[in-house]
Amino acid sequence: MSVRMKDIAHTLGISQTTVSHVLRGRDGEFRIGAKTARRVRDTVERLGYRPSVLARNLKHHRAYALALAVGDLADPFWSALALGAQQEAERHGYVLVVSHTGETLDKERRPFVLVDRTIDRLDVPSVVTDSIGGMRLAVDHLVSRGHRQIGYLGGPAHITTFRDRLAGYRQALAAHGLRPGPYAVSRSDLEGARKAAVRLLRRRPAATAVIAGNLWLTMGTLRAAPDDVVVVGFDDFYLADLLRRPVTTVAQPVEDLGREAIRLLLEEVAKPGGNRHVVLPPRLIVRGGGRT
């Protein structure tokens, strides 16, 4: 539990008003003795008291708040990213306000720092996962397990993240001398992904493995794919190791994305126009044996 101003007052046996005057540097104005003021400051240090950000906002008539606009709060990727962003914001004394965009392009032209994607012809700071490198990890893994017909279920091409993942998929296959397998596109919703995966799996030559472009696409593919088709998902998720069929995943450094976004935003507040772009590496989490 955080230490409150009244806790300090109770500890010292003085009024909360006296503590407030000392912390605001007005002890001399209100004729508070030097010894009392020193005791207050020592106790603040010892108990680790931190002033309320909201109270500071009211005092200075300034909003110490940062906004994070996320594509889909129901997606564990975005909620974990928001957690990392909140922790970093609080470390710098800011409140984080989270807004749900619903993957709407018009709304996503407003953020000052872009996370998980960029927007064409909009040069602003951004932090993303290396999607091309992540797809290379997935393809290399499947090829090493003997797969040659590898399909891909991706998202809409106007989202740069999905565009990069499609490019990474094709580049990785070409590096192994392989042609792209069956390909389909779906929005990030479970039923739409399932239907798209059904269409993909009907194509010939049939895929022996499918890479899905995010969590919802992975879930939809798992619902559609027979047991002999291996599914690899971009985005790790809780309890993936407890599923009936093992799912290897490309794990993004989700909380680090959130933290780095806050750092970039604070850099822009301090010195606008930096427009720094950060790319973080993913990692492969292999589950199961055989051809999985």
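Mind telling me which of 280, 73, 243 comes out most flexible in a GNM of the chain, alpha-carbon contacts under 10 Å? With Cα springs under 10 Å in the chain, the top fluctuation among 280, 73, 243 is at 243. What the phi angles of segment 243-254 give under the Karplus curve with 6.51, -1.76 and 1.60, with θ = phi - 60°, is a coupling list of 5, 4, 10, x, 10, 6, 10, 9, 8, 8, x, 4 Hz, glycine and proline written as x. Each helix, a run of at least 4 DSSP H residues, gives -39500 (n - 2.57); summed and divided by the residues of the chain, these come to -13500 deg cm²/dmol at 222 nm. Its alpha carbons give the chain an Rg and a Dmax of 25.3, 86 Å. Within the chain, what percent of beta bridges assigned by DSSP are antiparallel, to the nearest 5? Taking every DSSP beta bridge within the chain, about 10 percent pair in antiparallel fashion.
Extension gain for residue 17-residue 267 works out to 86.4 nm (0.36 nm per residue, less the C-alpha to C-alpha distance). The three principal axes of the C-alpha atoms in segment 155-287 carry coordinate ranges of 54, 33, 28 Å, sorted with the longest axis first. Distant-in-sequence amide contacts of residue 69, defined by a placed amide H-H separation under 5 Å and a gap of 5 or more residues or a different chain, comprise 99. Dividing the Cα radius of gyration of segment 81-196 by 2.2 N^0.38 Å, with N the residue count, gives 1.28.
Computed from the coordinates by the stated procedures, all read-outs in this text should not be read as laboratory data. Everything quoted here is computed from the prediction, not taken from an experiment.
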